[in-house]
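Heads up: the structure comes next, in structure tokens.
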Amino acid sequence: HSRGNFLYADYEYHDRNLGAEEELKRARLIGQSALSLGSDDQHTLIFSGRLFATEDAPAQPQNLYQIGGLFNFSGLPYNSLSARQLAFVMAQYQRRLTRPGVLPFVSPIYIGASIEGAELWSFRDDISLRVLNWAGSLYVCTDSPIGPVFFGWGFTSDSADAFYLALSWPFMLDELRPGR
């Protein structure tokens with residue numbers, strides 16, 4: 001269903017004196033809340049946020065956080081921007097247009113929109129939440145027998161845009177991105 005809460009937090013400390021190959025500190029905080037309203041839960045609001053920070057880590061792919069793609073700063077190609085520090089917030093509205101059918105091939109259809117704010121920083125000292133870059137999306141989706149299918153248009157405040165056809169959960173492309 002489309003209601004509930006999710007909270008994830010972790011902290012890693014790698015020290016050469018304790019046998020680590022590289023020294024680094026990494027903190028991650030992820031939260032999501034979904035609320036359904038209306039007759040038969042026809043309207044759903046989803047609020048998501050992520051804060052990731054890495055200190056003393058070399059600029060290698062495993063130490064960088066990415067944004068880009070549907071519901072991950074829509075309007076940009078998948079994982080097109082990366083840095084050691086990341087802040088991301090999203091508010092999403094989804095409306096069910098049809099009811100699930102009795103037959104397995106009749107699936108409900110939804111329309112939705114998101115507004116997303118994000119910023120990346122290379123160094124912890126640069127972090128400031130005063131100014132975020134903005135993006136959003138408009139989409140249609142259905143729950144098919146192979147999982148959700150999304151067709152959407154994403155756009156950014158910098159006039160970038162992209163069209164998406166996503167099969168399955170576009171928010172779950174890595175283990176630290178909660179889905180709907």
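The values are calculated or read from the model by the stated rules, or taken from the named source; none is laboratory data. Just so you know, these numbers come straight off a predicted model, no measurement behind them. Quick reminder, even Gly has a Cβ in these numbers, built from the backbone with ideal geometry, and neighbours come from all protein chains shown. Heads up: the accessible areas ignore ligands, DNA and RNA and are worked out on the full protein's heavy atoms, side chains in. Shrake-Rupley method; radii C 1.70, N 1.55, O 1.52, S 1.80 Å.
Some values worked out for this structure:
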{"read-out": "The chain - percent of accessible surface contributed by carbon and sulfur, probe 1.4 Å", "value": "60"}
{"read-out": "Approximate spin-label separation residue 56-residue 23, in nm, with each point projected 7 Å along Cα-to-Cβ", "value": "0.4"}
{"read-out": "Reported label for calculated semi-axes √(5λ) of the Cα gyration tensor in Å given [x] 33, 18, 15; [y] 28, 18, 17; [z] 23, 21, 19", "value": "[x]"}
{"read-out": "List 8, 78, 65, ordered by accessible area with a 1.4 Å probe, largest first", "value": "78, 8, 65"}
{"read-out": "Cα-based equivalent ellipsoid of region 1-73: semi-axis lengths in Å, sorted from largest, via gyration tensor", "value": "36, 14, 7"}
{"read-out": "FRET E, pair residue 45, residue 111, Förster distance 22 Å, beta-carbon r, rounded to 0.05", "value": "0.95"}
